[in-house]
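Below is one structure; the comments refer to it alone.
Derivation of every value follows stated rules applied to the coordinates shown; laboratory data play no part. No experiment lies behind these values; they were computed from the predicted model shown. Glycine gets a Cβ as well: all are built from the backbone with ideal geometry, and neighbour counts include every protein chain shown.
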Amino acid sequence: MIFLTASGMTDQKDAFGLVADDFLIKPIYKNDLLKVLIKYLPYTELQPVENQHARTGLPVNADLVLPSGLKEELMTRFIPAILKLQETLNIDEIAGLVKELSKFNEEHQVEAISEYCIKLSGDIGTFNINQILVTLNSMTEFIKK
């Protein structure tokens with residue numbers, strides 16, 4: 001049994017240990033929940049698919065480099081949020097990022113950013129957590145290069 005609780009008091013942690021196999025304190029992040037579930041549930045780890053989409057999230061032109069001003073703005077406004085979302089994988093916050101990034105791109109018209117937004121929206125719609133992470137990683141690499 002795994003308890004999910006809003007309380008983080010030390011005396012209650014000891015009490016939880018007497019009646020539960022494990023527990024998580026709210027807010028509960030998907031990565032933390034998955035780590036606990038992996039401890040107790042049998043699973044088979046899938047091997048990564050070797051294709052362009054699995055490695056990079058999108059077949060974005062490797063030669064495409066963002067103009068320095070646009071790159072700096074993306075680094076300042078979006079990279080901190082993207083890095084956080086790579087850890088938390090909060091679907092609602094990722095959807096918010098897509099909206100904000102799409103709005104930003106209405107002014108700048110960068111095709112690769114549009115592709116990332118479309119890809120993330122599709123991944124969110126199918127709740128494809130692995131592909132969301134791949135796409136977020138790829139987006140980070142694209143912006144930073």
At 7 Å along Cα-to-Cβ for each site, give me the label-to-label distance between LEU18 and ILE79 in nm.
5.1 nm
Sort SER68, SER138 so that the residue with the fewest other Cβ atoms within 10 Å of its own Cβ comes first and the one with the most comes last.
SER68, SER138
Tally Lys and Arg at +1 and Asp and Glu at -1 over the other residues with C-beta under 12 Å from the C-beta of ILE129: what net charge comes out?
0
Compute the distance in nm between two label points, each set 7 Å from the Cα along the Cα-to-Cβ direction, one at GLU141 and one at ASP92.
3.2 nm
